[in-house]
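The next block holds one structure in the form of structure tokens; read it before the comments.
The values are calculated or read from the model by the stated rules, or taken from the named source; none is laboratory data. Predicted, not measured: the structure shown is a model, and the values here were computed from it. Neighbour counts are summed over all protein chains in view; Cβ atoms, including those assigned to glycine, are modelled from backbone coordinates with ideal geometry. The protein model used for the area step is the full one, side chains on, heavy atoms only, and it has no ligands, DNA or RNA in it. Shrake-Rupley method; radii C 1.70, N 1.55, O 1.52, S 1.80 Å.
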Amino acid sequence: MSVDELIDVKGVLQSSGSVGYSDVEQLSEIVCSDQVAELRNEVQALVKNIADGQASAGLSAKAGIALHLLGQHSDAVEQLEKVQDNATASFFHAVSLIALKRYPDAGKQLEAAAKLGYDAIECSLRRAETFRLVGNLDESETILSSIAKDAAGRAEYSFQMGCIRSDRGDLYGAIEYFERAVDMDPRHSRAIFRLAGENASRGNDEDAIRLYEQSLSSPPFYLGAILNLGLLYEDMENYPAAAFCFRRILEADPQNEMAAMYLKDIEAADSMYYDEETARNEARMKQLLDRPVTDFELSVRSRNCLHAMDIHTLGDLTRVSENDLLAGKNFGQTSLDEIREMLTSFGLHIGQNLHESLGQEGGYAALPPELADNPVTEKPISDLGLSVRSRKCMSRLGIGTMGELLRRSPDELLASRNFGVTSLNEIREKLGEMNLKLRND
């Protein structure tokens, strides 16, 4: 938006006259512009003036609708409940009540908005939503069926039908309706949000990010969309963008514990010193350890002995002891000296990484004796009911069962990319409910 196109935010909020949908469109434009911070400040000033006695239905309606568009639903309801006989204010009052999960109150407010002249079809669509959100899918579908002739061409109708299909377990039917809603209205943020969630749950992170960004192109901004977008940015190591998302949530909801914890994780990771030279050295060492022993001029006997002992790389030689080698069939001192000399030429020696294999089982430390025969160790990790973020971390670490998780220590988990204290605390809490704990915890 150029300087010539700047909107008089204060003027919009304090203009006289009855509040209508044109005011909503103008406020929405401001929320989506660089003037959103100015709107936030002006709304807070207006709320203060109203509290100090500068009260009128028009001012409370403007303040309430602006707060709704900014995602501050509790404050929005506080202002909008002061307004009587205004259809637009009643409708947005109802929608904020839905966001606050006050579904019966929202239903009554929607009926009032329709009587006052607000779009009756839109009010019915949202009333269907209030029944669906309390689990009464039959009543919700009955309402939608009763208005299908007039409502089927609306994006909101397809969105509500998609939600019902999703709640009934018809995933593909739900996606078809959500896509239809977005085709009808590319700015239908809730339909886009649901599509983004479906993509994220299937690992289609790039599509999910695109859709979450699209869902934030029009207000009200859903904190869930911003939170999920931040987590996806973090997974892709775009930490500045992730931090921006979490800060935006905290601006609207300073008490949001999830956003605060995720932001703390990012800030902690950002403060860690990254030694680029060390990383390069580690990469070179890994490449060396992965070289097959067949690349080197060893005697036929030594090669055959190593093959028989399932030793194929230089790394394998650093994870066995000299006694292990000498215990091999036909492996004698001559072969041992030959291998010592070869490893020494690369600055390596037999057994230098022996600690990586001691006490290991499938790459993990052995289970404590008390859990060795416990059937809980065979249960899938999905039984813990972890968040999407923690589930992705488990998948990245190759952890599929409870036993594989219990073999890990907190430090080992925290060493994984994007695995922060928030995920660790969640896992500890879930394991604690089952009287279990991580290794060394």
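From the P(r) of the range 381-433, can you give the percent of Cα pairs sitting at distances over 19 Å? That tail contains 10 percent of the Cα-Cα pairs. Nonpolar atom fraction for the range 381-433, defined as the carbon and sulfur part of the 1.4 Å probe accessible area, stands at 47 percent.
What whole-number volume per residue, in cubic angstrom, does the convex hull of the C-alpha atoms of the range 70-142 give?
It comes to 77 Å³ per residue, whole-number rounded.
Each peptide among 173-180, 68-75 gets the average number of other Cβ atoms lying within 10 Å of its residues, and from highest to lowest they stand as 68-75, 173-180. Bridgeable lysines around LYS101 (alpha carbons under 19 Å apart, same-chain partners fewer than 8 residues away excluded) are absent. To the nearest 10, the accessible area of PHE131 is 60 Å² with a 1.4 Å probe.
Rolling a 1.4 Å probe over the protein heavy atoms gives the chain an accessible area of 52 Å² per residue. Percent of C-alpha pairs per 10 Å bin in the range 1-118, short distances first: 15, 48, 30, 7, 0.
Projecting the alpha carbon convex hull of the chain along each direction and taking the average yields 29.5 nm².
Given 10 °C and 1.306 mPa s, how large is the Stokes-Einstein diffusion coefficient of the range 280-346 in µm²/s, with Rh as the Kirkwood radius over Cα pairs? Working shown, then result.
Numbers: Rh = 12.2 Å.
Using the Kirkwood radius from Cα pairs, D works out to 130 µm²/s.
Under the combined filter of DSSP loop state and at most 13 neighbouring Cβ atoms within 10 Å, the range 7-95 retains none of its GluC sites (Glu not before Pro). For a modelled paramagnetic label at SER201, 7 Å from Cα along Cα-to-Cβ, the residues of the range 172-186 in reach, with backbone nitrogen under 11 Å, are 172, 174-175.
Rolling a 1.4 Å probe across all protein chains gives LYS82 an accessible area of roughly 100 Å².
Partner lysines whose Cα lies under 16 Å from the Cα of LYS437, excluding those fewer than 8 positions away in the same chain, are identified as LYS379.
Counting only lysines at least 8 places from LYS115 when in the same chain, those with an alpha carbon closer than 22 Å to its own are LYS62, LYS82, LYS149. Expressed per residue, the C-alpha convex hull volume of the range 140-190 stands at 64 Å³.
Computed from Cα positions, the angle between helix 257-270 and the longest principal axis of the chain comes to roughly 40 degrees. Ligands, DNA and RNA excluded, the heavy atoms of GLU433 present near 130 Å² of accessible surface to a 1.4 Å solvent probe.
Tell me the carbon and sulfur percent of the accessible area for the range 88-196, rounded to whole percent, probe radius 1.4 Å.
Numbers: 2330 of 4870 Å².
Carbon plus sulfur share of accessible area: 48 percent.
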